[in-house]
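Okay, so here's the structure we're looking at.
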Amino acid sequence: MAVLTALTTARQPDTPSNKTNGFSIARIKWNGGGGFFGPQWAHDYPVAEQNLMFQLRQITSIPTGDEMAPIVELTDPELFQHPFAYMCEVQDCTLSDEEARSLREYLLRGGFLLVDDAWTAEGLEHFKRELRKAFPDRSIERIGTDHPVFHSFFTVTEIPAIQPGFRRRILGAPQCYGLSDASGRLMMLINWDNDVGDGWEWAALDPETGVNAYKLGINYAVYAMSH
């Protein structure tokens, strides 16, 4: 019960700072794409990351840096200062050759990328094509809850559907995909037709969804820091 209580408590943001120390999240800014609520890459920013970082401090022993996730582009050297990166709405994202090279280097050097809040079968095929620019030698694969990432801290036996009402009516169950290196380490996890970051942002208003979203986020973070 104490864990669940902590998981549903949203925090008030501290003064923004870009210093890194321990676990930290970089929010990836990509070019192009618009939206009613601002740029697609910025959805749920910065509250989603701040709330997840707060929960990591409360529940795990992972050393964490500042809760304010810096905004970085894939070609920004600062990306390599952060072990975990978050990228969203990639169904409309196009990678330049330079961005693809930097993404490949970041992941192969031990970085972890969470792709979230991305939608439609057509969008998935588009993103697969873009990823081939970075990894022509690899393909993303569907992963289920038997993967170690879903048991790294909490035991997750079913992927929760965190979908806006208008999408829920037309979408099926959410899907997870992964991209692994030659040793089998998961470098990239993709939440497709799902919006885990939304669950982090609005946990105080929807505690049940918030708990489910935080469990996933904490598992992703623990996996990223231990592999």
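Taken together, the values in this text are just the output of simple stated rules run on the coordinates, not laboratory data. Predicted model only: the values in this text are computed from it and were never measured. For neighbour counting, all protein chains shown are included, and Cβ atoms are generated from backbone atoms with ideal geometry for every residue, glycine included.
Cross-link partners for residue 128 among the aspartates and glutamates, with Cα-Cα distance under 16 Å and sequence neighbours closer than 8 places in the same chain left out: 89, 92, 97, 99, 116, 117, 137, 141, 193. Its Cα gyration tensor gives the stretch 68-152 an equivalent ellipsoid, and the semi-axes of that ellipsoid, as √(5λ) in whole Å with the largest first, are 20, 18, 14.
Using C-alpha pairs below 8 Å separated by at least 6 residues, the relative contact order for the stretch 66-141 is 36 percent. Remark: the residue 205-residue 101 segment gains 33.4 nm on full extension, using 0.36 nm per residue and subtracting the alpha carbon distance.
Beta bridges per DSSP, both residues in the chain: antiparallel share near 35 percent. Placing a pseudo-label 7 Å from each Cα along the Cα-to-Cβ vector at residue 94 and residue 185 gives an inter-label distance of 3.3 nm. Size estimate for the chain follows the Kirkwood approach: the inverse of mean 1/r over distinct Cα pairs works out to 17.5 Å. The residues 151, 43, when put in order of fewest to most other Cβ atoms within 10 Å, stand as 151, 43.
In this structure, residue 128 and residue 60 have a Cβ-Cβ separation that, at R0 = 35 Å, corresponds to a calculated FRET efficiency of about 0.60.
Rounded to 0.05, the FRET efficiency of the residue 78 and residue 157 pair, given R0 = 45 Å and the Cβ-Cβ distance, is 0.75.
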